[in-house]
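What follows is one structure encoded as structure tokens, with my remarks underneath.
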Amino acid sequence: MTTHTPPTRARGEHRPGRLHLNAFLMSTGHHEASWRLPESDPSYVSTNIAYLQRLAQTAERGKLDSIFFADGPALHRDIGRRPAGTLEPTVVLAAIAAVTERIGLIATASTTYNDPYNLARRFASVDHISGGRAGWNVVTTAFVEAARNFGLDEQPAHHARYERAAEFLEVALKLWDSWEDDAEVGDKAAGVWGDSSRVHPIGHVGEHFSVAGALTTPRSPQAYPLLVQAGSSEDGKDLAARYAEAVFTAQQTLDDAQRFYADLKRRAVEWGRDPATILVLPGIVPVLGATAAEAREKEDELDRLIAPEYARRQLAATLRVDPDDLPLDRELPADLPSEDEIEGAKSRYTLIVDLARRERLTVRQLIGRLGGGRGHRTFSGTPEQVADTLQDWYDQGAADGFNVMPAVLPSGLEEFVDQVVPILVERGLFRSEYEGTTLRDHYGLPRPTNPHTAARLAAAEVTR
């Protein structure tokens, strides 16, 4: 197996629009105590569509590539800890599409607790409604609470979930390609609306799914939604390398981010893909201040508002230990389960344990570090310092862009758009205006070719 290491980029070698920025939007912000700030109104944010629409419009004002909503089919956390109610995200995307023009719209949906036909139809519909701005964050869902909402006693094993996910994606891709672009004829004189020879029932029979027909929805503006993946386990990286066009990942250090980046690009090459067609976007939780001291004080204020007992119970669930085994002022116990014993979110488990061991954090300190972004990198500083750290990771081959996770909403997103984005534009790292209309345009990715059309044209060429 050969190693593919992307070259390090030198400062000044950027093309406008090269750096990619996605805004990950969640309730009052990603810091778990953000709802306790005076500026926050936690009573309605997650279910108030006008609030979510305004956030999207702010991201669009900054010419960001996209916005993103996480999701899971289970209420798995103690709702005493932070706002927990959510809306179904593809419905939210449709509502946001009506009040925006260019911003990409990405939502999470599970391959474990959905069926390919309905989900492919739903995302194709959002792509039509938005004029080609839809993206699907593909997840396998790592919570037993979700399994029990769908008639299962336990969650399926980690590897089994990813095997199902791979076949799910194969079926979805066949469905999105089941209509050729020219299937809709609209010939009033001849009385022919469509060409049935350009619509192809997929006839899929596999280990997990049997799907006979073509999709009810014609091929969408992007051909199909941008495919995003967020798992960083071995199975997750393999799935991403095979299918994903963008990858959301959590990395705490530059070295870890560089290794992940190089590994994912190498795996893409092994699947016969151009590594430039898979974009790596680590999460970052920026906390901005006019000075570094002011930014740090804002972060400290948030950390002081964390309710440690709620957070300790959540950490214990993640680590698969009893909360009593996690005294707040001691380090993690030495005898934690190995990653192989974890059937849930393997990569996040390892990231948390490695962070605690590497920095010798007490449970209380670890809770504070996780409170901002659940394992994603938190960085406090001035707008220039935040821009510097983004550029540094980009220059050194650790990222193609970033999944920006404001600690507090809406103020954190407004500050990033108004204070950090202009610096990135001035440095030639980011666009000043949108150059295309679809999400794939923003990410610099081509519209996929329909295989039925390609085969038909190739056959016609042979018979000439």
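The values are calculated or read from the model by the stated rules, or taken from the named source; none is laboratory data. Treat the numbers as computed from the prediction; the structure is a model and nothing was measured. Virtual Cβ from ideal backbone geometry, glycine too; neighbours counted across all protein chains shown.
At-a-glance table
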{"quantity": "Subset of segment 107-155 [surrounded by fewer than 21 Cβ atoms within 10 Å (Cβ to Cβ), over 24 Å from Gly236 (Cβ atoms) and of a type in the set (A, V, I, L, M)]", "calculated": "Ile129"}
{"quantity": "Boolean, Gly17 is in a loop (DSSP other than H, G, I, E, B), crowded, with 20+ Cβ neighbours inside 10 Å and at pLDDT below 90", "calculated": "yes"}
{"quantity": "Matching residues in segment 80-109 - criterion: being of a type in the set (Gly, Ala, Ser), at pLDDT 95 or above and either part of a loop (DSSP other than H, G, I, E, B) or closer than 21 Å to Arg164 by Cβ (or both)", "calculated": "Ala98, Ala107, Ala109"}
{"quantity": "Qualifying helices (runs of 4 or more DSSP H) (wholly inside segment 355-464; at least 1 residues being on the phi < 0 side of the Ramachandran plot and modelled with pLDDT of 95 or more)", "calculated": "383-395, 411-415, 421-426, 439-443, 451-463"}
{"quantity": "Tabulated pairs, segment 81-100, first more than 12 Å from Asp127 (Cα to Cα) and free of Cβ contacts under 8 Å to residues at least 60 places away in the same chain, second in a loop (DSSP other than H, G, I, E, B) and among the hydroxyl-bearing types (Ser, Thr, Tyr), C-beta under 7 angstrom, 6+ apart or interchain", "calculated": "Pro83/Ser27; Pro83/Thr28"}
{"quantity": "Matching strands (runs of 3 or more DSSP E) fully within segment 166-258 where at least 2 residues are surrounded by fewer than 20 Cβ atoms within 10 Å (Cβ to Cβ)", "calculated": "184-187, 192-194"}
{"quantity": "Filter result (without any contact (Cβ under 8 Å) to a residue 24 or more places away in the chain and not small (Gly, Ala, Ser)) within segment 192-225", "calculated": "Val192, Trp193, Asp195, Val199, Pro201, Val205"}
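The rows are residues; the columns are (1) in contact (Cβ under 8 Å) with a residue 60 or more places away in the chain; (2) out of contact with any strand residue (DSSP E or B) (no Cβ under 6 Å at 6 or more places or on another chain); (3) in a loop (DSSP other than H, G, I, E, B).
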{"residue": "Ala50", "(1), (2), (3)": "no, yes, no"}
{"residue": "Ala56", "(1), (2), (3)": "no, no, no"}
{"residue": "Glu60", "(1), (2), (3)": "no, yes, no"}
{"residue": "Ile129", "(1), (2), (3)": "no, yes, no"}
{"residue": "Ala146", "(1), (2), (3)": "yes, yes, no"}
